[in-house]
1. Taking into account only those residues within the range A:226-278 that are buried (at least 19 other Cβ atoms within 10 Å of the Cβ), more than 8 Å from chain B (Cβ to nearest Cβ) and closer than 23 Å to residue B:183 by Cα, which is modelled with the lowest pLDDT?
2. Tell me which residues, restricted to the range A:194-219, are within 10 Å of chain B (Cβ to nearest Cβ) and outside any helix (DSSP H, G or I).
3. Restricting attention to the range A:97-114, does a residue exist that is surrounded by fewer than 21 Cβ atoms within 10 Å (Cβ to Cβ) and under 16 Å from residue B:33 (Cβ atoms)?
4. Run down B:78, B:114, B:97, B:38 and say which single residue is in a helix (DSSP H, G or I), under 19 Å from the mean Cα position of the chain (by Cα) and over 22 Å from residue A:27 (Cα atoms).
5. Can you tell which of B:27, B:76, B:37, B:80 is within 12 Å of another protein chain (Cβ to nearest Cβ) and either touching a strand residue (DSSP E or B) at 6+ places or on another chain (Cβ under 6 Å) or surrounded by fewer than 17 Cβ atoms within 10 Å (Cβ to Cβ) (or both)?
6. Which residues, counting only those in the range B:262-285, are more than 10 Å from every other protein chain (Cβ to nearest Cβ) and either at pLDDT 85 or above or touching a strand residue (DSSP E or B) at 6+ places or on another chain (Cβ under 6 Å) (or both)?
7. Which condition number in (1) modelled with pLDDT of 90 or more; (2) surrounded by fewer than 18 Cβ atoms within 10 Å (Cβ to Cβ) is the one that residue A:176 fails?
8. Which one of these is modelled with pLDDT under 95, farther than 29 Å from residue A:207 by Cα, part of a loop (DSSP other than H, G, I, E, B) and over 25 Å from the mean Cα position of the chain (by Cα): B:59, B:134?
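The values are calculated or read from the model by the stated rules, or taken from the named source; none is laboratory data. Not measured: the values here are computed from a predicted model. Because the Cβ atoms are built from the backbone with ideal geometry, glycine has one as well, and the counts that use them run over all protein chains shown.
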């Protein structure tokens, strides 16, 4: 066995160095939101001296046409609706891929893996036009429907790896007792696979909440924008006002960070399981 | 044998029923636009009204007259290459250090992966502030007495692209780390023990045991990183929008500007088709290395 000693101290030092390098900007962001802009600029490293909360004044934002609470609501509606539809559709398909015999299954599997690599940009032009034809520009559904499709390949692949682990014998027994596929799926397989389903939900939550390009193109109207797109308004004339800008950025980071703090184990194991076979 | 024959039809029907919603979504929102994007490059189109067939004219324009296309292609490749080398390199070193059976290893893993969960828009805007003339980096240089190194990092043609790549490496090294660490932790510790008994140093075992056994994980993670980084758009759009003077133009931003600012949908589609082609090649390699192809082959044989 390798034994702890001076070597371990050096390793810890190196790891802590990288941790500081990686996390300091995020910590700085959080702390700077509590300082007036002038303070941030003049004493950039100094921690906040008092609890200065004016940066979080949402009224001030809306006077400037930056509707943080509207963006927040849009992001929430789009993310939750997408997750609901995506999970139902993904569960059915993942179960079918893992446990049922069907025509063209191998071709579907290869196609799904191939779709993981498709750059959405390559499809953005026809999709934009298609959504426009459906009269869904600046409409939540104009974003939700393509999102469901784009997050499906990864979801199906990950879900089927969880369903595969479920022993066939138990399903056979349930079927002999007179259950059909839907009942076996709903009463026996689903409850056991809840952990896997949660993993898929959480990873998709992050992906959907943070998505940018589609939202940028489809949600034109300021009242329809999601958070990442809404935050781009800060690239404009208010770019110099660091305080409110950093506060808005920090607010948008809270939901994903919270999710990460609670579910990091599931996220980490799920991402490796879905992308790597065996 | 008898059993499979008996239940085949019912199961086929169930399979189709269960797959139907997913197939509809993917066909309408992925396959249909995919076919369109293969056709659109041969037309002139304003996004409304008539499509005018112009053959290969868009391709000719792109290859011969559009200087920004070549810059964008070069920058996309640079970003993919150095982004992948950076994230995989740093991710490997971090995983290796954590795998030394140190205490609190899970805490480090937690901390290093944290930035992956944040939106690229936020990290991009954050780094705009870090790299700002009055930002963190220049202030840090001043604090350690190295003012002569201060720069307008994102406004300088020489430093803008490296700065964007550095931001990506900063955010995503934790992503490659979790794959490599998971791989390392699945290596049988007895292999290391017997190598140490035979007199191998820890460094030797990295090259003789760890790296060879992680070949599969390495190929997967390299392909994933190449696929992700070749389609870069968000980060560049947030940080520089392709500037200064096109120094950070990538295919994603070039396409966006052509299609949605200049309303040249046909021409934008040509750029999309190039991205598509490269991503397709990457994906084929990924299917091979990820092991999914092997599963399908085995399934087909049975």
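1. A:274
2. Scanning the range A:194-219 gives A:211, A:212.
3. yes
4. On the way: B:114 fails: over 22 Å from residue A:27 (Cα atoms); B:97 fails: under 19 Å from the mean Cα position of the chain (by Cα); B:38 fails: under 19 Å from the mean Cα position of the chain (by Cα).
Just a single option satisfies the conditions, and that option is B:78.
5. Numbers: B:76 fails: either touching a strand residue (DSSP E or B) at 6+ places or on another chain (Cβ under 6 Å) or surrounded by fewer than 17 Cβ atoms within 10 Å (Cβ to Cβ) (or both); B:37 fails: either touching a strand residue (DSSP E or B) at 6+ places or on another chain (Cβ under 6 Å) or surrounded by fewer than 17 Cβ atoms within 10 Å (Cβ to Cβ) (or both); B:80 fails: either touching a strand residue (DSSP E or B) at 6+ places or on another chain (Cβ under 6 Å) or surrounded by fewer than 17 Cβ atoms within 10 Å (Cβ to Cβ) (or both).
Sole residue among the options that is within 12 Å of another protein chain (Cβ to nearest Cβ) and either touching a strand residue (DSSP E or B) at 6+ places or on another chain (Cβ under 6 Å) or surrounded by fewer than 17 Cβ atoms within 10 Å (Cβ to Cβ) (or both): B:27.
6. Result: B:270, single match.
7. For residue A:176, the failing item is (1).
8. Working: B:59 fails: part of a loop (DSSP other than H, G, I, E, B).
On inspection, the qualifying residue turns out to be B:134.
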